[in-house]
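Remarks on the structure that follows.
Here, each number is a calculation from the coordinates, and none is a lab measurement. The shown structure was predicted, so the numbers you read here are calculated from the model rather than taken from an experiment. Cβ: placed from backbone, ideal geometry, glycine included. Neighbour counts: every protein chain shown.
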Amino acid sequence: MKIQLKDITMRFDHTTAVDHLNVTIEEGKLVSLLGPSGCGKSTTLYMLAGLYRPSEGELYFGERLVNKIEPENREIGMVFQNYALYPHLTVLKNIMFPLKMAKVPKKEAEARAKEMAALVQIDHLLDRKPSQLSGGQQQRVAIARALVKKPKLLLLDEPLSNLDARLRLEMREEIRRIQQEVGITTIFVTHDQEEAMSISDHVLLMKDGRMQQYSAPQDMYDYPKNKFVAQFLGNPPINIFPAKLSDDLQTIVLQDTRETLQLEAPISDPAAMNGDYELGIRPEDFYIETDSVKAGLKVETIRVERIGRDNLLNAKLGQINLRAIISPDVKINKGDMITLGIRPGRARLFDSSSGHNLLH
Amino acid sequence: MNDKPTLNKTLKAVLYLLPALVIIVTFSIYPIVKSFFMSFYTDYDYFKDLVYARGLDNYKVIFEDPEFWKSLGNTLLFVVGVVPLSIIISLVIATLLNQKIKFRGLFRTIYFLPFVTSVVAVSIVWRWIFHSQYGVLNYFLGLFGISPINWLTDPTWAMPSLVILAIWKGLGYNIIIFLAGLQNINQQYYLAAKIDGAGAWERFKNITVPLLSPTTFFISIVSIINSFKVFDEVYALFGGQPGPAGSAETIVYYIYNKFYGEWDFGVASAAAYVLFLVIFIFTLIQLYFGKKVNY
Ligand SMILES: Nc1ncnc2c1ncn2[C@@H]1O[C@H](COP(=O)(O)OP(=O)(O)OP(=O)(O)O)[C@@H](O)[C@H]1O
Ligand SMILES: [Mg+2]
């Protein structure tokens with residue numbers, strides 16, 4: 001089912017939790033709602049579920065305007081942030097509940113519930129009550145309950161937040177697999193960027209109730225619309241340097257050290273000239289330049305940490321600390337002055353007042 | 001504060017507890033024990049406090065007394081008439097009051113009023129409501145073409161009148177307890193049930209009722225116990241009589257009558273002990289299952 005949000009706004013007494021959201025979600029896609037805590041992810045999900053009625057805007061499921069449709073008639077499945085399993089029912093009864101409400105014959109309901117339980121690997125826990133389950137097990141029951149009635153839209157509110165790292169990885173692949181198998185349109189709330197990047201077709205990044213960017217995960221990473229998006233994605237985070245632009249609109253001058261950097265092309269928006277800028281470079285876009293003739297940033301090494309396959313270099317450019325991921329082959333010691341090159345096309349330039357990306 | 005209890009501290013504590021203890025012992029424990037012994041006094045001089053003979057005769061008397069069985073039967077009828085209806089009505093009202101409605105506080109106060117008013121004062125109003133000629137109840141029934149009923153003077157209708165009064169009287173307390181129970185149910189379950197396709201009635205049946213069952217259980221037991229002890233309502237509603245032709249004579253009325261009417265203290269005590277036993281059993285049930293019914 002295709003989902004369309006048109007100018008969707010949700011106001012509570014003192015806050016605007018969601019502010020004029022315009023998004024179209026294509027049928028069968030998995031979309032992650034990503035953003036810092038309190039940015040309105042759950043609120044957006046609740047509006048899709050019909051538990052909140054938008055203060056403004058229109059919500060379409062397919063061609064149907066659903067603003068006024070009650071949740072019980074929306075054909076959705078949902079996993080709540082705190083599971084909300086029925087405490088008085090066993091695991092099996094919990095999973096069967098949506099089928100019971102849909103008046104599915106008991107035998108069939110039981111068979112389907114058991115099938116679902118097997119899929120999420122809790123078939124040995126069917127007779128337990130929710131209070132006798134671990135957080136991760138409860139979460140899986142909740143996922144099974146949401147999927148069992150084969151809904152048209154699946155809403156997941158941070159369904160993996162209570163699992164350990166390994167199970168989390170397993171479950172997210174499981175969700176992705178089930179989602180693609182059933183072909184169900186899915187919206188997945190998370191504040192874990194890596195999770196969002198790895199399983200979604202599209203990521204919707206929000207901040208303070210406003211949409212920041214809506215695009216495929218890799219595009220969002222490579223072509224962030226603004227500084228917030230650039231900073232939110234990526235670990236370790238992107239390095240930001242205050243900068244000026246020289247008159248040719250192509251040479252960046254770093255404020256602190258007066259070092260310069262050539263852009264491949266002049267910036268597109270001449271209206272933004274003469275302002276203050278910020279240069280953003282991701283840690284993995286640096287490399288160590290050994291050719292002393294070539295251009296690069298001269299930095300002083302503070303520390304080198306080994307993180308998994310790579311080395312993380314902590315260095316100082318003038319007064320600004322930066323991080324770079326470098327190959328472990330090169331031996332560098334504390335205090336060494338080195339030159340960092342920037343991979344072609346990987347420098348980002350932001351308008352420091354609006355935060356807009358000026359290069360893409 | 002987890003140091004060891006010392007003699008000094010214990011004495012001090014006892015001193016603080018003493019006033020309340022004296023009152024409880026004098027007016028609760030002593031009568032309970034005394035009446036237990038009294039129920040075995042078969043020959044007793046009340047004024048000189050002399051016991052000439054003891055035995056099980058008092059119990060024999062009540063078990064052979066048709067009036068005792070009748071009053072016990074009436075009481076059971078009363079319990080069966082009051083408790084289920086009272087619970088259903090108060091649950092419905094509590095559910096309505098738990099919605100987001102205007103003047104919620106006002107409604108709550110109105111429904112709570114019966115609980116804090118005096119039975120005697122209120123019974124007078126109800127005597128008027130039930131009045132066969134001038135009563136509002138018959139007036140309303142008349143609007144539907146039902147001919148006047150002698151609520152308080154017809155032996156068939158005396159018990160229903162009493163039941164109506166008792167239900168009304170118990171509403172306030174039950175509603176407040178139910179409201180507290182309802183507010184203890186996490187709202188998330190209702191949201192989840194909505195998503196799962198449950199309509200309002202299904203949500204009530206599958207979420208509210210089961211999750212409220214500890215509260216319902218508590219209210220049932222308390223109502224049963226209180227209903228077994230009914231007396232004030234009978235006394236006030238029928239002007240000191242146990243209803244027309246003893247049709248509303250309850251067990252406590254029987255005890256009262258044996259004591260003050262016939263000065264038969266031994267028999268009164270024996271009957272009181274039978275009642276005590278019934279209540280005791282229900283209390284045990286409450287204590288035992290009350291712990292189990294929990295999520
Ligand atoms: N029922 C409500 N009444 C008033 N304000 C609310 C309500 N629900 C949410 N808010 C506010 O709306 C904003 C968005 O909340 P929301 O729960 O959607 O955040 P979120 O993105 O899901 O955060 P988290 O990652 O912590 O779950 C917050 O500022 C929150 O305080
Ligand atoms: Mg949330």
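Evaluate peptide B:204-213: per residue, the Cβ atoms of other protein chains within 10 Å of its Cβ; return the mean as an integer.
Rounded to a whole number, the mean comes out at 2.
Among the listed pairs B:Lys9/B:Lys48; B:Lys102/B:Lys194; A:Lys149/B:Lys102; A:Lys29/A:Lys207, which have their C-alpha atoms separated by more than 31 angstrom in this model?
B:Lys9/B:Lys48; A:Lys149/B:Lys102
Could you work out the helix-only [θ] at 222 nm for chain A, with each DSSP H run of four or more residues adding -39,500 (n - 2.57) and the total divided by the number of residues, to the nearest 500 deg cm²/dmol?
Here the helix-only value at 222 nm equals -7000 deg cm²/dmol.
Quick one: work out the % antiparallel among DSSP beta bridges in the protein assembly as shown, nearest 5.
75 percent
Which of the three applies to segment A:2-67, rounded, prolate or oblate, going by the alpha-carbon gyration tensor with a ≥ b ≥ c and a/c under 1.5 meaning rounded?
oblate
Extension gain A:Lys2-A:Thr290, at 0.36 nm per residue separation less the Cα-Cα distance, in nm?
In short, 98.4 nm is gained.
How do A:Tyr277, B:Tyr260 line up, fewest other C-beta atoms within 10 Å first?
Least to most surrounded, the residues fall as B:Tyr260, A:Tyr277.
Multiply the residue separation of B:Val14 and B:Thr117 by 0.36 nm, subtract the distance between their alpha-carbon atoms, and state the gained length in nm to one decimal.
Extra length from B:Val14 to B:Thr117 when fully extended: 33.5 nm.
Straight distance only, please: which lysines reach the Cα of A:Lys316 with their own Cα at less than 18 Å, same-chain residues fewer than 8 apart left out?
A:Lys298, A:Lys331, A:Lys334
Note down the relative contact order for chain A as a percent, whole number, built from C-alpha pairs under 8 angstrom at least six residues apart.
RCO, chain A: 15 percent.
Starting from the Cα of B:Val92, step 7 Å along the direction of its Cβ; do the same at A:Lys152; then give the gap between the two resulting points in nm.
Label at B:Val92, label at A:Lys152, 3.7 nm between them.
Roughly how large, in nm² to one decimal, is the mean projection of the convex hull of the alpha-carbon atoms in segment B:7-58?
Directional mean of the projected Cα hull area for segment B:7-58 stands at 5.2 nm².
How would segment B:10-108 be classified by its alpha-carbon gyration tensor: rounded, prolate or oblate, with rounded meaning a/c under 1.5 and the a/b versus b/c comparison settling the rest?
It is oblate, given that a/c is not under 1.5 and a/b is not larger than b/c.
How many nm is it between the label spots at B:Phe144 and B:Leu277, if each spot is 7 Å from the Cα in line with the beta carbon?
Each label point lies 7 Å from its Cα, and together they span 4.2 nm.
Taking beta carbons within 10 Å but only from partner chains, what does the mean come to for residues A:78-88?
5
By how many degrees, between 0 and 90 and to the nearest 10, does the Cα long axis of helix A:106-119 differ from the longest principal axis of chain A?
20 degrees
Identify all lysines with a Cα-Cα distance to B:Lys229 below 26 Å; exclude those on the same chain that are fewer than 8 residues away in sequence.
Cross-link targets: B:Lys34, B:Lys60, B:Lys70, B:Lys169, B:Lys258, B:Lys291.
How much of the DSSP beta bridge set in chain A is antiparallel, as a percent to the nearest 5?
Within chain A, antiparallel bridges account for around 75 percent of the total.
Describe numerically, in nm with one decimal, the distance between label points set 7 Å from Cα along Cα→Cβ at B:Ile101 and at B:Ile29.
Going from the B:Ile101 label point to the B:Ile29 one covers 4.8 nm.
To the nearest µm²/s, what D does Stokes-Einstein give for the protein assembly as shown at 20 °C and 1.002 mPa s, using the Kirkwood radius over alpha carbon pairs as Rh?
67 µm²/s
From the square roots a ≥ b ≥ c of the eigenvalues of the alpha-carbon gyration tensor of chain B, which class results: rounded (a/c under 1.5), prolate (a/b over b/c), or oblate?
Oblate, since a/c reaches 1.5 and b/c is not below a/b.
Could you compute the FRET efficiency for B:Gln241 and B:Val22, with r as their C-beta to C-beta distance and R0 at 30 Å, rounded to 0.05?
Efficiency for this residue pair is about 0.20.
Please give the average number of partner chain Cβ atoms lying within 10 Å of the Cβ of each residue in A:69-75, rounded to a whole number.
Mean partner shielding for this stretch: 4.
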